[in-house]
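Contents: one structure, followed by commentary.
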Amino acid sequence: MWVKADIQGLTYESLLAWVNRGGSMPKNLEISSSVCGRIDRNNGRLLCNRNTCRFYNPALTRLLKHAPAEWRSVVLNCPTPTCLIRFIDSLNEAGHRTGSNSWNSVHSFQMIASTWNGWIDREARGHSWKAFSFLPGSITSFSLHLPGYPDDNDNDHADSDSLIDAQIKWPLQIPAELLHGLTNLQLHFDSPSIPASAVFTALQHSENLEALEIDLSSGVFNDHMHGALMPLYSNRNGVSLPKLRRLHLGQVIGESIQDLKLIKFPNLVDLFMSFGVDGFVDESEGCETFSLDSDDTVSFDASALANFIHGDPTSPSSLQHLHIKGASFLPGALHHIIRELHSLAHLKLEWVSLVGDAKHDFAKLIEDKPTPLQGLRTLEITRLKESAEIPLLRAFTEARGIDLKLSVHDREEWEKGDKRYLYLAGIGLDSEDEY
């Protein structure tokens, strides 16, 4: 069910009638607004309409808290921080009704704050307040899309503090007891500077996570010297997530790997990592390159990436699925990263570049003793950036009975606008259109 908060004349009775059409089935509810009240004419920024804010509507909060319905998931897309504050105030005013448990039936909650100009920091104004203390304790999955870099020309002064304070000092403001109950957490950043203290402090309370997704949008971690993080960086104990099975890291840059190594995942099964900006994977410029050469000051350390992917060095890797997207590997780097992944069953390399003699890394895997990657069942190399043959790749896969799918990115055809890829093995001579 989708509800536009800025619809005039929205009533609880009309919403309830629509909800009841679904009978007793669990419901998914999304509350959003393309414009809350008004747009600043100077820069087009969304601004809360203050006293007539569309999210300060008893019909919405009554629906969430009092409707005789089970909410499986709720998505809240508030265009400004002030809208969220007013929505929370309205929730609190709705109170509790005996016999109604709809609000505490929510299992999944998504908060979209991507249009905000900054973060909420009422503590700076003398108030003790956490942005997400209003969430029901029943949720096990939480997704948060955070705003980009705060704007110091913000005209909606109730929304954010100064540029520096809002960016460096913001906490995620997720209560520890809520984090403790989560099995799935998604964080999406749109800022070039990401507060390490916010991320890792939150993860310290999230020991029951089974799935974690962080999209860094090519941002860099800052505030490493924050008091709460000093023990983590000084003794490398890190943040232990013993139940984590799936880790998705999007748009990572090479220098962030040292920070991400603080995350400890002894039982990880599925890992996805994309490098650079996902929207520009076709561009050769700016691709993250990994090298084993310690004197290489241009590329990033392949050993650091290998150590992160392997996890705990004192025990065998439990990883079964590995998907790497948008990276370049110099000779020996890819071989070093994957050769010790003894549990690996599925490997996917997407938009990768094997520079120079790096194409011989699969030949090295044949020569290695004892035989590496004995459990590998599928190898998918899609949109390889070079059309040159990979020596002994077919011999490597056929000897182990590995299903191979290989496609080469035809840069010349792409530039002509055909956007086609040639499949050389596996599926066969099919073509794939990419738009």
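The values are calculated or read from the model by the stated rules, or taken from the named source; none is laboratory data. These numbers were taken from a predicted model, which means no experiment stands behind them. Backbone-built Cβ (ideal geometry, glycine too); neighbour counts: all protein chains shown.
Every residue, every condition in (1) hydroxyl-bearing (Ser, Thr, Tyr); (2) modelled with pLDDT of 75 or more; (3) closer than 23 Å to Met111 by Cβ; (4) not assigned by TED's automatic domain parsing to the domain that holds Pro147, yes or no:
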| position | (1), (2), (3), (4) |
| --- | --- |
| Gln8 | no, no, no, no |
| Ala17 | no, yes, no, no |
| Arg21 | no, yes, no, no |
| Thr61 | yes, yes, yes, no |
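Would you be able to tell me the number of residues in the range 131-143 that are assigned to a strand (DSSP E or B) and surrounded by fewer than 21 Cβ atoms within 10 Å (Cβ to Cβ)?
2
So that you can scan it fast, the table gives a plain yes or no per residue for (1) more than 28 Å from Asp190 (Cα to Cα); (2) crowded, with 20+ Cβ neighbours inside 10 Å:
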| position | (1), (2) |
| --- | --- |
| Thr289 | no, no |
| Leu334 | yes, yes |
| Ile338 | yes, yes |
| Ser353 | no, no |
| Thr371 | yes, no |
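For residues in the range 178-206 being at pLDDT 85 or above and in a loop (DSSP other than H, G, I, E, B), which is surrounded by the fewest Cβ atoms within 10 Å (Cβ to Cβ)?
Filtering first and then ranking leaves Gly181.
Checking the conditions here, which among Asn43, Asn104, Asn92 is modelled with pLDDT under 85, out of contact with any Lys or Arg (no Cβ under 7 Å at 6 or more places or on another chain) and part of a helix (DSSP H, G or I)?
Every option except Asn92 fails the conditions.
Scan the range 63-77 residue by residue and report those that are modelled with pLDDT under 85 and either acidic (Asp, Glu) or surrounded by 21 or more Cβ atoms within 10 Å (Cβ to Cβ) (or both).
Ala69 - this is the single residue of the range 63-77 that is modelled with pLDDT under 85 and either acidic (Asp, Glu) or surrounded by 21 or more Cβ atoms within 10 Å (Cβ to Cβ) (or both).
Count, please, the residues in the range 243-264 that happen to be assigned to a loop (DSSP other than H, G, I, E, B) and at pLDDT below 95.
Summing the residues that are assigned to a loop (DSSP other than H, G, I, E, B) and at pLDDT below 95 in the range 243-264 gives 3.
Do the conditions hold for Ala333, that is, is it modelled with pLDDT of 95 or more and under 23 Å from His248 (Cβ atoms)?
Considered against the rule, which asks whether it is modelled with pLDDT of 95 or more and under 23 Å from His248 (Cβ atoms), Ala333 comes out as yes.
Out of (1) part of a strand (DSSP E or B); (2) closer than 24 Å to His205 by Cβ; (3) at pLDDT 90 or above, the odd one out for His323 is which?
Every listed condition holds for His323 apart from (2).
Name the residues in the range 340-353 that are farther than 16 Å from Val408 by Cβ and at pLDDT 95 or above, would you?
Leu341, Ser343, Leu344, Ala345, His346, Leu347
Condition check: surrounded by 20 or more Cβ atoms within 10 Å (Cβ to Cβ), more than 23 Å from Gln204 (Cβ to Cβ) and either touching a Gly at 6+ places or on another chain (Cβ under 9 Å) or at pLDDT below 90 (or both). Does Ser299 satisfy that?
no
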